[in-house]
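So the structure is just underneath, and the comments pick up after that.
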Amino acid sequence: MPYIQHLKNCPLFKGLTPEEIAVYRPATRQVSYKEGQSIMTEGETGDNLVILIQGKVTISKKLTLLKDDETDTKNKTFITLTDEYRPFFGEMALLMDDSIRTATVMASTDCEIVVMEKTAFQKVSAQHPTIGWKVMENIAKKLATNLERESKNVLKLTTAFSLILEE
């Protein structure tokens, strides 16, 4: 269980003791990625959550521009994450059936990640409902924060478009 010690600072497990975090050990596995490898690809289905325990990743989304009836798809990097705070991503795949990845995650350096599969997560959470409740609450907090941020971004874009159309 060598990587469990790295998870105590992960926001997914905020408020849990090392012993409570350890109950998720059977639901996880550690995986290595080389610099430049794709960890998740936008548009693909997913059934796991990933925790970055060593390295750096970039998260990007496709920007589709229409020009002359052709679709020009370019990736725009929105954020770079380091292992400092043990970030997790892919959480929607734990909550939804046939979840579609909303962004691409690439290893910017050699990376070590912990993968938690949906069915294994559900099994452990059902066996330890009090701990599972805390983890689900942490996922909900992250999703609420993301929703709030995206709502503000939509408002900014709507305002900008309105101002452009008024000119």
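The values are calculated or read from the model by the stated rules, or taken from the named source; none is laboratory data. Everything numeric in this text was worked out from a predicted model, so none of it was measured. Glycine also receives a Cβ, built like all others from the backbone with ideal geometry; neighbour counts cover every protein chain displayed.
The figures follow:
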read-out	value
Residues of the stretch 136-167 classified as of a type in the set (S, T, N, Q) and either at positive phi or touching a helix residue (DSSP H, G or I) at 6+ places or on another chain (Cβ under 7 Å) (or both), total	1
Any hit, the stretch 88-102, residues being loosely packed, with under 14 Cβ neighbours inside 10 Å, in contact with a helix residue (DSSP H, G or I) (Cβ under 9 Å, 6 or more places away or on another chain), more than 24 Å from Tyr24 (Cβ to Cβ) and of a type in the set (A, V, I, L, M)	yes
Verdict on Ile79 being free of Cβ contacts under 8 Å to residues at least 24 places away in the same chain and either surrounded by 14 or more Cβ atoms within 10 Å (Cβ to Cβ) or closer than 20 Å to Glu35 by Cα (or both)	yes
Filter pass, Thr17 being loosely packed, with under 11 Cβ neighbours inside 10 Å, β-branched (Val, Ile, Thr) and either closer than 27 Å to Lys123 by Cα or modelled with pLDDT of 90 or more (or both)	yes
Test result for Ala120, aliphatic (A, V, I, L, M), closer than 27 Å to Leu16 by Cα and free of Cβ contacts under 8 Å to residues at least 24 places away in the same chain	no
Selection from the stretch 20-41 of residues that are touching a residue at least 40 places away in the same chain (Cβ under 8 Å), surrounded by 14 or more Cβ atoms within 10 Å (Cβ to Cβ) and not small (Gly, Ala, Ser)	Glu20, Val23, Tyr24, Thr28, Arg29, Gln30, Tyr33, Ile39, Met40
Which listed residue is touching a Pro at 6+ places or on another chain (Cβ under 9 Å), among the small types (Gly, Ala, Ser) and within 16 Å of Val50 (Cβ to Cβ), from Ala93, Ala107, Ala103, Ala120	Ala120
Enumeration of residues in the stretch 138-158 that are exposed (fewer than 12 other Cβ atoms within 10 Å of the Cβ) and under 17 Å from Lys14 (Cα atoms)	Ala144, Thr145
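This table checks each residue for (1) out of contact with any Gly (no Cβ under 9 Å at 6 or more places or on another chain); (2) of a type outside the set (S, T, N, Q).
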site	(1), (2)
Arg86	yes, yes
Glu91	yes, yes
Ser99	no, no
Val114	yes, yes
Ser125	no, no
Gly132	yes, yes
Glu137	no, yes
Asn146	yes, no
Lys156	yes, yes
